[in-house]
Amino acid sequence: MSKQTSREKPGVPSGSFVLTVTDLNNLGCGVARLPDENGEENGLVVFIRGAVTGDVVETELIKVTPSYAVGRLVRVVTPSPTRAAEDFCTAPEACGGCVYRHLTYEAELESKHRRVMQAFRQAGLADVTVLPPLSTGVTRGYRNKGMYPVRNGKTGIETGFFAQKSHNLIKCAACSLQPPVFAEIVEAVCRFFRDKHIRAYDETTGEGILRHIYLRTTADGEVLVCLVINSKGLPGGRRTQDDLVSVLLGRFPNIIGVSLNVNQKNTNVVLGDSFIRLYGQPYMEDRLCGLRFRISAESFYQVNHDAAELLYRTAAARAGLTGRENLWDLYCGAGTIGLSMAGPDLPPDRRAATVTGVEIVPQAVECAKKNAQINADLGLLPPGIARFFCADAGDPSSLFKPADDGVVPAPDVVVIDPPRKGTTPELIRELSRRGYGKVVYVSCDPETLARDCAVFRAEGYTVGDAQPVDLFPRTGHVEMVVLMSRDKE
């Protein structure tokens with residue numbers, strides 16, 4: 001169904017069209033096609049933000065290229081059965097965070113399922129079974145981390161979120177994905193800075209003080225507050241800093257630490273290298289898979305606690321541990337996946353016997369060592385069960401030297417959880433050369449996962465079922481777990 005509602009310029013489609021949306025991409029844009037010369041919707045692809053599969057919409061073209069067009073949603077002519085009855089979030093849509101905000105959650109999971117299947121088909125692995133995504137079912141307030149940029153507005157400091165692919169601030173402290181207390185703390189901080197006449201950082205001039213408000217919380221509701229500033233302290237010195245702490249603790253007794261992070265560089269990187277502690281602890285401890293993990297402002301930690309437990313248990317099930325295996329955790333970060341596979345949430349005959357973690361970031365390695373020690377001291381892990389080393393897992397030339405030298409046991413099971421770009425062919429070939437027979441791949445990107453799975457297959461591995469896990473409901477992201485296995489040589 002299509003209807004052009006304004007005249008088309010020769011050779012260039014223009015005006016508005018009534019189109020049927022046939023698909024939805026991972027950016028949350030409905031996919032339709034312009035009418036061809038016969039009037040059928042087989043022409044140029046159009047991406048329409050706010051439209052969902054099955055909608056009939058009127059759209060006005062705002063960008064046209066030789067290969068695609070972008071349309072602005074004018075109105076929904078006939079809503080799809082998968083369109084949500086009410087909008088998921090009150091934030092302006094330009095925020096770009098909840099790309100599936102107009103879709104029912106059931107349809108969102110189906111869309112993510114199709115995306116993973118398509119990635120495997122395009123990688124030549126159409127025979128790999130992609131299972132329906134697992135989910136906790138919680139779609140609101142699940143994020144334990146919030147990062148709020150600030151700007152100078154008409155009435156002083158304002159905060160919100162950057163519009164997609166820009167540094168244009170969308171003024172809105174409330175986010176449906178984050179706990180409500182985050183918005184309350186952000187508003188209190190902004191009010192304090194307005195009252196003190198302290199200005200926000202201006203990235204065009206390099207002047208001003210406050211750059212970001214950065215919050216983290218635990219499953220128990222404890223909160224860390226970190227303010228990123230363009231100076232070595234707040235104007236007014238200690239008195240201003242004490243006043244800030246007093247204001248925050250007076251309203252939010254669950255705050256366990258307040259700090260400043262100094263970032264005076266002209267950069268898009270949020271955090272600088274140094275921290276100034278104003279109150280309490282510079283870290284928090286969270287419960288995950290029966291263990292305790294210490295998290296500082298700069299530590300990597302999954303933003304969805306309950307879904308992370310679901311992901312790690314799924315990975316442990318794929319590993320098929322029996323209590324006797326030596327597990328290597330590559331790209332281990334703070335050690336959460338590897339340590340969880342040796343922890344008390346699993347029966348003794350389903351745990352790893354030892355854990356060896358490898359990570360390229362030295363601070364993360366130290367954090368992993370500390371986490372292992374904390375849990376050993378609490379009696380949650382056997383003393384000495386885990387060792388962590390600083391190395392680049394993507395460059396295997398010396399990766400397994402600790403095992404070759406007898407410092408740690410060689411792996412029976414390898415877990416890899418690389419960044420979005422995936423792992424390297426060199427690592428896959430080295431795992432194959434050494435005859436390591438079981439590799440559990442945890443991924444946050446379907447396309448790079450499927451690409452790497454094809455390399456594993458070429459090296460003689462059997463690619464098992466792909467299990468998506470929805471760690472980031474209402475967004476375009478999805479995690480996956482796949483077991484690669486072969487007879488150990």
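The values are calculated or read from the model by the stated rules, or taken from the named source; none is laboratory data. Model, not experiment: these values are computed from the prediction. Here the Cβ is made from the backbone with ideal geometry for all residues, glycine too, and neighbour counts use every protein chain on show. Surface areas here come from the heavy atoms of the whole protein model, side chains and all, with no ligands, DNA or RNA. Shrake-Rupley method; radii C 1.70, N 1.55, O 1.52, S 1.80 Å.
Below are the figures for this structure:
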| item | result |
| --- | --- |
| Exposure rank, largest accessible area first [Leu224, Leu249; 1.4 Å] | Leu249, Leu224 |
| Counting DSSP beta bridges with both ends in the chain, the antiparallel % (nearest 5) | 70 |
| The range 371-442 and the range 450-468: distance between their alpha carbon centers, rounded to Å | 19 |
| Highest-first arrangement of 252-263, 305-316, where packing means the average Cβ count within 10 Å | 305-316, 252-263 |
| Dipole magnitude of the range 348-453 about its Cα centre (Cβ charges: Lys, Arg +1; Asp, Glu -1), debye to nearest 20 | 180 |
| R0 of 22 Å, Cβ-Cβ distance Glu60-Thr90: FRET efficiency to nearest 0.05 | 0.30 |
| The chain, dipole about Cα centre (Lys/Arg Cβ +1, Asp/Glu Cβ -1), debye to the nearest 20 | 1020 |
| Average accessible area per residue (Å²) across the range 280-411 - probe 1.4 Å, nucleic acids and ligands excluded | 40 |
| When the convex hull of its Cα atoms is projected in every direction, mean area for the range 305-347 (nm²) | 3.1 |
| Descending principal axes extents, the range 203-279, alpha-carbon based, whole Å | 38, 29, 19 |
| Probe 1.4 Å, accessible area per residue of the range 211-269, Å² | 44 |
| Residue (of Ala32, Met341, Val150) at the positive-pole extreme of the chain, dipole from beta-carbon charges | Val150 |
| Distance in nm between pseudo-label sites at Arg420 and Arg140 (7 Å out along the Cβ direction from Cα) | 2.8 |
| Unsatisfied cross-links (Cα-Cα over 21 Å) in the set Lys196/Lys232; Lys154/Lys196; Lys196/Lys265; Lys401/Lys438; Lys112/Lys438 | Lys196/Lys265; Lys112/Lys438 |
| Loop-located trypsin sites (Lys or Arg not before Pro) in the range 113-220, at most 13 other Cβ atoms within 10 Å (DSSP) | Lys154, Lys165 |
| Taking the range 355-431 and dividing mean pair separation by its residue count, relative contact order in percent (alpha carbons under 8 Å, at least six apart) | 31 |
| Relative contact order (%) - criterion: Cα under 8 Å, at least six apart; region: the chain | 11 |
| Apportionment of accessible area to carbon and sulfur, the chain, percent (1.4 Å) | 50 |
| Loop-located trypsin sites (Lys or Arg not before Pro) in the range 233-283, at most 11 other Cβ atoms within 10 Å (DSSP) | Lys265 |
| For the range 77-203: accessible area per residue (Å², 1.4 Å) | 48 |
| Separation of alpha-carbon centers, the range 119-149 and the range 26-73, rounded to whole Å | 25 |
| Fraction in percent of alpha-carbon pairs per bin - 5 Å, the range 165-317 | 2, 8, 17, 20, 20, 15, 9, 5, 3, 1, 0, 0 |
